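The values are calculated or read from the model by the stated rules, or taken from the named source; none is laboratory data. Remember, predicted model here, so these are calculated numbers, not experimental data. All Cβ positions, even for glycine, are placed from backbone atoms using ideal geometry, and neighbour counts span all protein chains on display. Surface areas here come from the heavy atoms of the whole protein model, side chains and all, with no ligands, DNA or RNA. Shrake-Rupley method; radii C 1.70, N 1.55, O 1.52, S 1.80 Å.
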Amino acid sequence: MKTPRFLLAACVSLALALTFSCSSDDDAGGNTGGSGGGGTLNGTGGALNPCSGAVTGNGTVSCGGKTYNTVPIGDQVWMKENLDYDVPNSATDVCYGNDPSNCVTYGRLYNWATAMNLPSDCNSGTCSEQIKTKHRGICPDGWHIPSKAEWGRLFTYVRGINGRISGNLKAKTGWYDCGPSGLEGNKLCEDIYGFSALPGGFGYSDGGFNDVGTVGYWWSVSEDGYAYYTAMFSYSQDTGYNYGNQTSLRSVRCVQD
């Protein structure tokens with residue numbers, strides 16, 4: 001199912017209207033409630049299961065048999081690649097278009113409960129009491145799903161050098177409006193800090209997909225009935241927060257504890 005262009009434009013306008021604001025709460029929406037352990041994952045009967053791995057000493061982290069590069073930005077350390085972890089016993093982590101090559105490029109897309117490593121009923125109601133401060137989710141040990149406030153800290157830091165945000169974070173190639181090597185003078189895709197954000201698009205709960213190559217969507221741990229995510233657009237310097245149905249499939253980027 002493809003989103004009509006006028007609806008996509010409306011969604012983008014909403015996201016841009018929600019351009020980030022800094023929060024004094026570094027883990028907004030987080031608390032020290034239950035771990036979310038136990039239960040079943042998305043009705044499959046499989047145990048909830050984060051990826052196993054440990055940070056190595058050379059700027060990488062291993063996870064589920066794969067190695068990811070990491071990058072320090074300000075006072076944070078981020079994975080510089082989207083997570084591509086095949087959650088055991090789960091049918092709700094997929095490659096865009098069900099094409100394995102897209103997992104290699106963009107990582108996997110996850111619904112919110114799967115990304116947070118929580119039971120599937122968290123996709124249909126609030127589970128904020130199960131969200132921990134520095135909530136690991138399916139990230140490797142020592143890493144966690146970023147809160148809305150942690151995304152805000154990243155945006156505030158990278159904005160300082162030239163007033164741009166997403167242009168300083170987006171990979172130099174792979175975005176539709178940046179061209180094969182970036183448009184000279186456009187400054188939409190400079191990747192100054194090595195974050196290397198890519199537009200992995202998103203998936204619908206009914207199996208459809210949209211926006212690969214033009215928009216990247218990353219889950220936040222913050223949730224108050226709907227889950228928050230951040231977005232970057234190929235044609236804009238802006239980034240925005242929005243909130244959406246937890247059953248939608250979006251990318252995951254982990255940040256170090």
Segment 50-133, relative contact order in percent, only Cα pairs under 8 angstrom and at least six apart counted: 17 percent
Length-normalised contact order of segment 88-196 in % [C-alpha pairs under 8 Å, at least 6 apart]: 14 percent
Would you please put 93-100, 112-119, 244-251 in order of how densely packed they are, using the mean number of other Cβ atoms within 10 angstrom per residue and starting with the highest? 112-119, 244-251, 93-100
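Show me the three semi-axes of the equivalent ellipsoid for segment 177-257, from the C-alpha gyration tensor (sqrt of 5 times each eigenvalue), largest first, rounded to whole Å. Before the final figure, lay out the partial values.
Numbers: eigenvalues 120, 48, 23 Å².
Listed largest to smallest, the semi-axes of segment 177-257 are 25, 16, 11 Å.
What's the carbon and sulfur percent of segment 56-196's accessible surface, probe 1.4 angstrom, rounded to a whole number?
Values: 2780 of 5750 Å².
Answer for segment 56-196: carbon and sulfur cover 48 percent of the accessible area.
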For segment 122-127, in residue order, the Karplus 3J(HN,Hα) values (coefficients 6.51, -1.76, 1.60; θ = phi - 60°; whole Hz; Gly and Pro = x) are 5, 6, 10, x, 5, 10
Using Cα centres only, tell me the gap between segment 228-253 and segment 84-161 in whole Å. 12 Å
With label points set 7 Å from each Cα along the Cα-to-Cβ direction at D99 and T133, the distance between them in nm comes to 4.4 nm
Taking placed amide H atoms and a strict 5 Å upper bound, the residues 5 or more places from N242 or on another chain that come that close are Y229
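How far, in nm, would the chain grow between D86 and Y176 when pulled straight, counting 0.36 nm per residue and subtracting the alpha carbon separation? Could you put the intermediate results ahead of the total?
Values: separation 90, 0.36 × 90 = 32.40 nm, distance 2.72 nm.
Between D86 and Y176, full extension yields 29.7 nm more.
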